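Notes follow the structure.
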Amino acid sequence: MKKRVPVSQIMTKNVVTLSIKDDLVKAESLFKKNHIRHIPVTSGDKVVGMLSYTDLMRISFADAVDEDEQEVDTMVYNMFTLEQVMVKNVISVLPTSTIQEVAKFLASKEFHAVPVIENEKLVGIVTTTDLINYLIDQY
């Protein structure tokens with residue numbers, strides 16, 4: 001296995017983001033449209049939070065088997081702001097951080113994605129799925 005490989009080699013570079021002004025209906029739409037589970041939340045160029053699909057599902061009626069489910073979810077989503085649901089204390093990594101460092105970091109935390117920041121700008125995102133795919137490619 002290669003050592004000292006920078007995380008920039010496996011990160012997603014075209015990151016889907018939300019503005020702090022966006023609502024949870026838009027967030028759900030982005031999750032479903034892009035088939036992703038984590039979205040950095042920005043204010044201008046700065047990352048101010050992270051929203052996971054799991055965070056969103058915690059406040060929805062995802063298990064409801066009702067034909068009006070979409071309307072119920074929209075009503076619930078409108079009761080909360082993005083800022084109330086997102087994780088605010090976002091920890092980021094540099095693009096020069098090694099894959100091993102990021103893997104150890106994520107393994108020790110309770111989240112599954114980390115934004116990659118360079119010069120205070122979002123340049124990518126690394127998820128546990130990226131790490132697993134990297135590991136698979138090594139074999």
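Every number in this text was worked out from the coordinates using simple rules, so none of it is lab data. Source: prediction; values computed, not measured.
Overview of values
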item	result
DSSP beta bridges in the chain [antiparallel fraction, %, rounded to 5]	85
Lysine pairs with alpha-carbon atoms under 22 Å apart, the stretch 7-137, spacing 8 or more or separate chains	19
Choice from 50, 75, 11 showing the highest fluctuation, given a GNM over the chain with Cα pairs closer than 10 Å	75
Nearest-ten-degree value, helix 128-137 long axis tilted from longest Cα axis of the chain	40
Most mobile of 114, 76, 123 in a GNM of the chain (Cα contacts under 10 Å)	76
